[in-house]
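Read the structure below first, then the notes.
The values are calculated or read from the model by the stated rules, or taken from the named source; none is laboratory data. What you are looking at is a predicted structure, and each value in this text was computed from that prediction instead of being measured. All Cβ positions, even for glycine, are placed from backbone atoms using ideal geometry, and neighbour counts span all protein chains on display. These area figures cover heavy atoms from the full protein model, side chains too; ligands, DNA and RNA do not enter into them. Shrake-Rupley method; radii C 1.70, N 1.55, O 1.52, S 1.80 Å.
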Amino acid sequence: MREYLLTLCITAAVTYLLTGPVRKFAIVAGAMPEIRARDVHREPTPRLGGIAMFFGMCAGLLVADHLTNLNEVFEKSNEPRALLSGAALIWLIGVLDDKFEIDALIKLGGQMIAAGVMVMQGLTILWLPVPGVGTVALTQWQGTLLTVALVVITINAVNFVDGLDGLAAGMVCIAAAAFFMYAYRIWYSYGIEAAAPATLFAAVLMGMCLGFLPHNMHPARIFMGDSGSMLIGLVLAAGAISVTGQVDPDVMNLFAGSERNAVHQMVPVYIPLLLPLTIIAIPASDFVFAVVRRTWRGQSPFAADRGHLHHRLLQIGHSHSRAVLIMYFWAALIGFGALAYSVNSASMWIVLGIVVLSFIGLVLLLLPRFTPRTPRWAEAFVPPRYRRGRRRAATAPGAATPAAVGAALREAQEAAAEACEPHEAHGAQAAREHSATIAAGVAGVNGATAVGARSRVLDGRKAGTSR
């Protein structure tokens, strides 16, 4: 455990120390796209944060290779080298996209090639433990296709959630912590050395996210960009593939005793099928909803819009920081809930605890929808928005309502259009675009999807809105 913690700390320290110089390099290199109507941030912010995260990962793996116990992971398994090869390729593609905005199909092809590189070096799914059936061996083609699909889905699911400051790094860090505890238990409690690479990957991934978060929390000074989001998605998928398809359930000797006891004891074996899904449950659900929503509207599935889960949290009244914390809460509830269930699946207290926490999460989600009546004596203990004086001020005759602000913006837009002569139509179009940009407000995303292109033109009409 001490060596894992040392690897985590080295990775976090290198990532943290390199992020500052990388930010200056991104500014000099011009990796600061113009603000679009759908963006949350209000001033150009440099990308390329994935450079610091990649070198932090390299430093962590290098230190682990020279430690007494973790060195055995590199001697007995080729998975760390497979991860490094695939990560280097996907990181390079991400850097090029952050700077030059490469085509969506090229990025998708690069993700598949990176997954194929890992498969060629041994990081692949060999078998699957299926409940009620047992261990099912996969053919080479089946394992390859399943591995590539899992890598591509995880990369894009993580990238979809990269829409608010600190959101993707924090959620992946929480998921990696739950995954680390699960993989370490498989390795330490059952003595299965095949789970050691997945434990190392989770520790390195936590270090990458923890080192980058101080620079990325709201207001962010730098974004990880596709070079960072695709990288942490790949590392997350590699850990899931390693512990799911490499650990043989028969080695755990869980089939002794009665049939009922065997079923309960086999829960830790079945959890690898579910834990990778719980890790990306929120990003994956957002991914599915986005594809269905855009396809229903006749748009490309990878066209950026403002209908993601975190955007809806902003639209119903949550602040930027509160929306991020709520997403953290749900990620921790899903990840650690699955972990607790794998430890003791027969305990009703775990189920009741998850139900209670889920109810609390729903209350937090709907909090801006209602304003409770607070007694006078309790106003000092609640936020200002729940105080009676604040509500009266908000409804005062002279207060500006959202409808009044929208009407004023429309009047300004019409006045700008009427003031332009026919030969100045281009100027009128620019005025309308500028007005639409202002009206867009703060609802939007920080980056495009992992396989979607970013628009170089500031066009408010293409941003779309769900309001």
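Here are the numbers:
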quantity: Debye intensity ratio I(q)/I(0), log10, the stretch 112-219, q values 0.24 Å⁻¹ (C-alpha model); calculated: -1.31
quantity: In sequence order, calculated HN-Hα J values of the stretch 179-191 (Karplus, 6.51, -1.76, 1.60; Hz; x Gly/Pro); calculated: 5, 4, 5, 5, 5, 5, 5, 4, 6, 7, 6, 9, x
quantity: Where only alpha carbons of the stretch 60-110 are counted, the Rg and the Dmax (Å); calculated: 15.2, 44
quantity: Sequence ranges 232-244, 54-66, ranked by mean other-Cβ count within 10 angstrom, highest first; calculated: 232-244, 54-66
quantity: Heavy atoms of Y16 accessible to a 1.4 Å probe, total area in Å² rounded to 10; calculated: 110
quantity: Area of R81 that stays accessible when all protein chains are in place (1.4 Å probe, Å², to 10); calculated: 110
quantity: T135 long-range amide H proximity, modeled H, under 5 Å; calculated: V130
quantity: Spin-label pair E43/I27, simplified geometry with 7 Å Cα→Cβ offset, distance in nm; calculated: 1.0
quantity: In Å², nearest 10: area of R221 left accessible to a 1.4 Å probe; calculated: 120
quantity: Förster radius 25 Å - calculated FRET efficiency between N78 and T139, Cβ distance, rounded to 0.05; calculated: 0.75
quantity: Residue-span extension gain [R221 to Y328] - 0.36 nm each, minus C-alpha spacing; calculated: 36.5 nm
quantity: Sulfur and carbon atoms: percent of accessible area, the stretch 143-196 [1.4 Å]; calculated: 71
quantity: Rounded to whole Hz, the Karplus (6.51, -1.76, 1.60) HN-Hα couplings of the stretch 227-244, x for glycine and proline; calculated: 5, x, 5, 5, 5, 5, x, 5, 5, 4, 5, 4, x, 5, 5, 5, 7, 7
